[in-house]
Amino acid sequence: MARLPGKVVAAYWTRWNAGIRLTQVPQAYNVLYLFAAGRSGDVGGIGWGMNGISADIRTVRTRGQRVLLSAGGAGQGIIFSSREVSQRFVDSVVRINTELGGTTASPMIDGVDFNTFEAEATPNTAEYLWMFAELKRRFGQDFSITSPPSPSKAEDKAMIREALSKDLMAYAGPQFYDGPGLADPAYIIKTTRDWVQNVAGGDASKIVVGFGMESMPNYSSIQQILTAWKAIEEEFPTIRGAFLWQHKTDSDRGWAFANQLAPLVLNNGSPEQTVPSALPPVPPRRRRLSFPAP
């Protein structure tokens, strides 16, 4: 298992858009979130069940992309009210990894993305910190913990501030979409500044900026995304990266996020440099030799 990249371009691969296979997501996305493992069984338990993508996970990981299991999501918040509930969650992650063909010594996933504290599920800080540490104990210290919190909820900030200060999370990714004003570049810039300074303790490498690119209100256009990103990176050159919700929205736009934003993120603002393409390199064609007629 490898740590997550120093510069991150991530996308949520949503199971309801599986017609675009994991292997078809451009390699410019160096982190892929499997969305999502939802509630299953007793409180705290989660399930994935889509084990047919194991071969695709192996392929993308072989070519350098990291794969995180995203747990929760809209309507799937979990209230971790006790250690029993938290233990059930950790055991579920271990089980899902096994079902995908991995072991704790050689996992099929590189970490867990906690999307479990929705509006109705205020995070229990003590239990979240325990789960983060326990997952690292089970899988190893390079097992990565991330989260896409609301950019404005004080309770989310407080939990993440403590987790980041204890190096239990790789990064947090406040999500700027699906809410009033969240597509406004000025708001994205201002709020990202607050997260860097007041949640990450001034360490911009612990923050990834989350964008949405749907054709509906409160979602950004690619131009709004580029405007916000350029200003953020100019102010915070060490900002960790950006993610997109969700992969199909980029496919529908000719992979605009992968082609236009990823070079800026991965090459520190130098779009002229190249980023990996959507598929592994095509082997060169053999040159046909010709011989003179006798």
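If you rank S92, S150 by fewest surrounding Cβ atoms within 10 Å, what's the result?
Listing S92, S150 from fewest to most nearby Cβ atoms yields S150, S92.
Taking the alpha-carbon distance from K248 and a cut-off under 25 Å, which lysines remain once sequence neighbours fewer than 8 residues away in the same chain are dropped?
K7, K230
Pairs of alpha-carbon atoms within less than 8 angstrom and 6+ residues apart define the contacts here; what relative contact order does region 8-266 have, in percent?
19 percent
Below 15 angstrom from the Cβ of G111, what's the summed charge of the other residues (Lys, Arg +1; Asp, Glu -1)?
For residues surrounding G111, the net value is +3.
If I take the Cα coordinates of region 204-275 and project them onto the principal axes, what are the three extents in Å, biggest first?
30, 26, 18
Mind grabbing the base-10 log of I(q)/I(0) for region 8-266 at q = 0.10, 0.11 Å⁻¹? Debye formula, identical points on the C-alpha positions, no solvent, two decimal places.
Listed by q, the Debye log ratios stand at -0.44, -0.54.
With a 10 Å Cβ neighbour count serving as the proxy for reagent exposure, in which order, fewest first, do Y29, Y171, Y177 appear?
Y177, Y171, Y29
On alpha carbon coordinates alone, what is the Rg over Rh value for region 98-193, Rh being the Kirkwood radius?
Dividing the radius of gyration by the Kirkwood radius yields 1.03.
Calculate the dipole size of region 79-167 relative to its Cα centre from +1 charges on Lys and Arg beta carbons and -1 charges on Asp and Glu beta carbons; express the result in debye to the nearest 20.
Rounded to the nearest 20 debye, it is 200 debye.
Can you compute log10 of I(q)/I(0) for region 138-269 with the Debye formula, treating each Cα as one identical point scatterer, at q = 0.10, 0.16 Å⁻¹?
Once normalised to I(0) and log-transformed, intensities are -0.30, -0.77.
Once each part is reduced to its C-alpha centroid, what is the distance from region 29-45 to region 157-171 in angstrom?
Cα centres, region 29-45 to region 157-171: 20 Å.
Values in this text are rule-based calculations from the coordinates and carry no lab data. Predicted model, so just to flag it, every value in this text is computed and none were measured. Counting neighbours? That spans all protein chains shown, and the Cβs are built from the backbone with ideal geometry, glycine included.
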